[in-house]
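Heads up, the thing below is written out as C-alpha cells.
The values are calculated or read from the model by the stated rules, or taken from the named source; none is laboratory data. Just so you know, these numbers come straight off a predicted model, no measurement behind them. Here the Cβ positions follow ideal geometry from the backbone for every residue, glycine too, while neighbour counts run over all protein chains shown.
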Amino acid sequence: MLIGIVGKTNVGKSTLLKALTLVDVEISNRVFTTIEPNHAMGYVKVKCPDVKIATQCKPKVGYCKQGMRFVPTELLDVAGLVPGAHAGKGLGLKFLDDLRQADAFIHVIDASGSTNENGESVACGSYDPANDVRFLEEEIGYWFYGMLKKNWSKFSKDVEMNKKNILDSLFQQFSGLKITEDQILKVLEKFNLYETSPTRWSDDDLCKFAFELRKLSKRMIIAANKIDMPGADKNIECLKEEFPNYTIIPCSAESELALREADKHDLIKYLPGCNSFEILEPDKLSDRQKKALEFVKHNILEKFGSTGVQECVDKAVFELLDHIVVYPVANVNKMTDKKGTVLPDALLVPRGTTLKDFAAKVHSEMAAKFIGGVDFETKRKLGAEHEVKDGDVIEILFSK
C-alpha cells in the first residue's frame, strides 16, 4: 500500500512526512524544496490484541507502545504542484508520474492562507485555501484525461474494429495506475457509456469519464495544515462547508514533529495521535523548548484534540481504502509464531478478504496447501470463504 502526500509547494508536505516517519528530509520555505520523491515508512495506529494475553508483543516491523500497535504503510512525498501541472508547468508531469502507484492521497494545504497559488509566502489570510482543493482536483483529473485522450483515436478504432470488450480494454489502458475493473465499470455505467461505441464518445464524455475515474480510484483526505497560525480556524470551517464530501483534518505538522523528536530523545512521553504529553526531564529543556511545548499543549492539543497528523494516515488507510489489520500466528492459544514470538506480524488487508486470500498474503505455500484456520476469540475452525475481521488473530492450517 502506498499513500501519496500531495499539494502545492511550501505548504508543509515534507514536514508532515518527517513528522510521521522521522526520516531525514529537507524542510524549508523555499519553492520546490522537494524535487525527487521521498519514500518513507509511516504507521497506522490500532489497539494491540496482546493485552488479551497480558504479554508484550514483539513486532518484526513497526512497533507497539502503550498498548497501541503501529503497523507500517509506505508514504511518498512528491514535488510540489502548481496550476497547469498537467500541461507540464513547474514540475507537474514529474509530480504526476511519481503518483501512478499511489492508492490514496493526503492533500496538504495551508489552512492559514499564507501561501499563494505559486507556493510563495504571503500575509496570513490573504489567500483562499479552497482554491488549492479545487485546483488539485482539476490537475489530477486533467492528468487522467490527458492519458486517455493521447491515444484515444487509435484505441477506440481498435476496440470497435476488433470487437473488443471496452471494459477489458480500458482496464489494460489504466493498468499502471492501480485501477480496478469494478471502478471502471461503475464510471461506464454512471455515464451510460458501456454500450456506446468508443468511437462515438465525445470529448466531454472522455473528460467526465476521466475525472470520475480519478475520484473513485485516487481518493483524497485534506490535511488542513498550519492550524497554529492566525485565520486557520475560520478557513477550516469554510472548507468543511464548501467540500462536505471530503474528510478535512486540522493539522499542525510542525507541532507533531516537535513532539515526536522530544519523545525520541526521552524529554517527553508522547504517543502519536494523542491529546497530551508528559514532560520527563524538565531540567533538560531550555526556556524556549518549554514555551514551545506549552504553546502546542494549549493551542493545538487542547484546542483540536491532537495535531491531526496521525489521524490523516489512519483515516486514509482505514476509511478511504477500507483496510483492516489481521494478525497471523502459528499458535493461536499463545498468539505466537513457531519461535514463540508474540504477534510478530500484523497485515493490512482490504475489508472483505477471505481466509484463503489472507493465507496467500502471509505465504504462497499456505494458500497452495490451505486447509482452514482457527480464530483466537472463539477457537472455532474457519473455512476458506470466511471473511477475516479487523483485529482478528488467526492460526492458518495447511498441509505439511
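Side notes on the structure shown:
- Residues in region 154-210 that are part of a loop (DSSP other than H, G, I, E, B), at pLDDT 90 or above and within 26 Å of Ile3 (Cα to Cα): Ile179, Thr180.
- Subset of region 105-135 that is among the aliphatic types (A, V, I, L, M) and surrounded by fewer than 22 Cβ atoms within 10 Å (Cβ to Cβ) - its residue that is nearest to Leu76 (Cα to Cα): Val133
Residues are listed down the side, and each one gets a yes or a no for (1) basic (Lys, Arg); (2) buried (at least 21 other Cβ atoms within 10 Å of the Cβ); (3) part of a helix (DSSP H, G or I):
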residue: Asn235; (1), (2), (3): no, yes, yes
residue: Ile249; (1), (2), (3): no, yes, no
residue: Leu257; (1), (2), (3): no, yes, yes
residue: Glu261; (1), (2), (3): no, no, yes
residue: Leu271; (1), (2), (3): no, no, no
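- Qualifying residues in region 283-304 (those that are in a helix (DSSP H, G or I) and hydrophobic (A, V, I, L, M, F, W, C)) - the one surrounded by the most Cβ atoms within 10 Å (Cβ to Cβ): Ile300
- Qualifying residue in region 164-186 (condition: under 30 Å from Lys240 (Cβ atoms) and of a type in the set (Lys, Arg)): yes
- Condition check for Lys163: surrounded by fewer than 17 Cβ atoms within 10 Å (Cβ to Cβ), touching a residue at least 60 places away in the same chain (Cβ under 8 Å) and either of a type in the set (Ser, Thr, Tyr) or more than 30 Å from Ala123 (Cα to Cα) (or both): no
- Residue match in region 363-372 (condition: over 28 Å from Leu259 (Cα atoms), touching a Cys at 6+ places or on another chain (Cβ under 6 Å) and not acidic (Asp, Glu)): no
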